[in-house]
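The next block holds one structure in the form of structure tokens; read it before the comments.
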Amino acid sequence: MNVTAPPSAAWADTLLQSFAQAGYVHAEPDILQPADPFLDLSGEDIRKSLYLTSDATGEELCLRPDLTIPVARDYLASPGAGQPAGFSYLGPVFRYRSGRKSQFLQAGIESFGRQDRPAADAEMLALALQAANAFGIGEVEIRTGDVALFNALIDALDLYPVWRRRLIKDFNRKISLTDDIERLTLKTAPGHHEYEGVLAALAGSDRKAALALVTDLMSIAGTTNVGGRTVAEIADRFLEQATLKAGALPRDAIGIIKRFLAIAGEPEGAVAQLRALAAEAKLDISAAIDQFESRVGYMAGRGIDTKKTRFSTSFGRGLDYYTGFEFELHHRGNGAEPLVAGGRYDSLMTQLGSAAPIPAVGFSIWVDALVKAGKNGGKA
């Protein structure tokens, strides 16, 4: 099933032509998609807004809620999978949105296979700004972050695997990290559980071992889920309880995490603060900082005024598959919905079935918001 942009919209031709001139081929993925990739890989906001159905074989399907995963799936199914390629798109997507239309237009770009990650990241931001200009938007607020920096920090702190997963999940889903970190610093009070032996067996283990143990126990009991929870969810819950019972998150770790999350401002200043924190805390996160600094250089090389770009270590977009650079373009002074948003998602391709990792970065344009902003002269 193909998607065609409304031919009467002059901005559509302008936008797609600008993408084509930049070397991005127009993609038209099917509207009806397998539901599993969205249920497994998207953020909570998208998962709970899906329109689901099933075919005659019982396979669960959905109306596509965005175009990143459909474009990625088509690329992986093509003869050129694994090779550098870029795609643009414009078409309807479908999500339940309380008080707003559930069908709306989304445009954007996806870039696959480029190994020069900092340069590709900067190109995405430059093209996103170009797209905003195509709608007659003047100056916008650029908000950026980098989940790879947070992941590198958590890895360098050498925490229990359950803590690492939980903190990264909180970060990706925009849950208050501060509240959860405080809770993790409080050792679970002594008490007796009927499953004390299970907790003892899991304390300090990794997720694979926990999943194997819980799977065996549930197999012996003759069940596959309890109260709607899957085996994996139950294993994660046991791991969390076992880890908390074994001891609290170290105080020095929480101090470092809080210092890290407080870093914000111009990107160049953030680089200096990150290097200072890494040196003082004796943490090896230099590779992630180097990538960040290189990206900032490429952004400046593309004419982006980095001094007007806001960076925050705590910035995240709420999608589980992001792995690095993330950004949003907003009206000046508008803290609500972004006009354009995107970032790097290198792990998505293997999660969708690629045998080898494939670098990926892109952005989506919220067409309705940009059209409205353009009519208002770019004012919020």
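The values are calculated or read from the model by the stated rules, or taken from the named source; none is laboratory data. As the structure is a computational prediction, the values presented were derived from the model and not from experiment. Here the Cβ is made from the backbone with ideal geometry for all residues, glycine too, and neighbour counts use every protein chain on show. To get the accessible areas, we keep the full protein, side chains included, count just its heavy atoms, and leave off ligands, DNA and RNA. Shrake-Rupley method; radii C 1.70, N 1.55, O 1.52, S 1.80 Å.
Worth pointing out:
- Scope the stretch 1-27; condition modelled with pLDDT of 90 or more and open to solvent by less than 70 Å² (accessible area, probe 1.4 Å); matching residues: Ser18, Phe19, Ala20, Ala22, Gly23, Tyr24, Ala27
- Matching option when the condition is closer than 27 Å to Ala373 by Cα and touching a residue at least 40 places away in the same chain (Cβ under 8 Å), among Phe327, Phe292, Phe260: Phe327
- Within the stretch 104-123, being buried (at least 22 other Cβ atoms within 10 Å of the Cβ) and of a type in the set (A, V, I, L, M) holds for Ala107, Ile109, Ala120, Ala122.
- Close pairs from the stretch 50-61: first more than 14 Å from Tyr96 (Cβ to Cβ) and touching a residue at least 24 places away in the same chain (Cβ under 8 Å), partner of a type in the set (A, V, I, L, M, F, W, C) and open to solvent by 70 Å² or more (accessible area, probe 1.4 Å), Cβ under 7 Å, at least 6 apart: Glu60/Leu52; Leu61/Leu32
- Pair list, Cβ under 9 Å, 6 or more apart: the stretch 11-24 residue assigned to a helix (DSSP H, G or I), other residue loosely packed, with under 12 Cβ neighbours inside 10 Å and modelled with pLDDT of 95 or more: Phe19/Val25
- The stretch 50-73, residues that are part of a loop (DSSP other than H, G, I, E, B), in contact with a Pro (Cβ under 9 Å, 6 or more places away or on another chain) and surrounded by fewer than 18 Cβ atoms within 10 Å (Cβ to Cβ): Tyr51, Glu59
Okay, residues lined up against (1) open to solvent by 10 Å² or more (accessible area, probe 1.4 Å); (2) in a helix (DSSP H, G or I); (3) not polar (S, T, N, Q):
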{"site": "Pro79", "(1), (2), (3)": "yes, no, yes"}
{"site": "Ser98", "(1), (2), (3)": "yes, no, no"}
{"site": "Lys101", "(1), (2), (3)": "yes, no, yes"}
{"site": "Ile142", "(1), (2), (3)": "yes, no, yes"}
{"site": "Ala148", "(1), (2), (3)": "yes, yes, yes"}
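- Assessment of the stretch 143-154 against the conditions (in contact with a strand residue (DSSP E or B) (Cβ under 8 Å, 6 or more places away or on another chain), charged (D, E, K, R) and closer than 28 Å to Arg73 by Cα) yields at least one matching residue.
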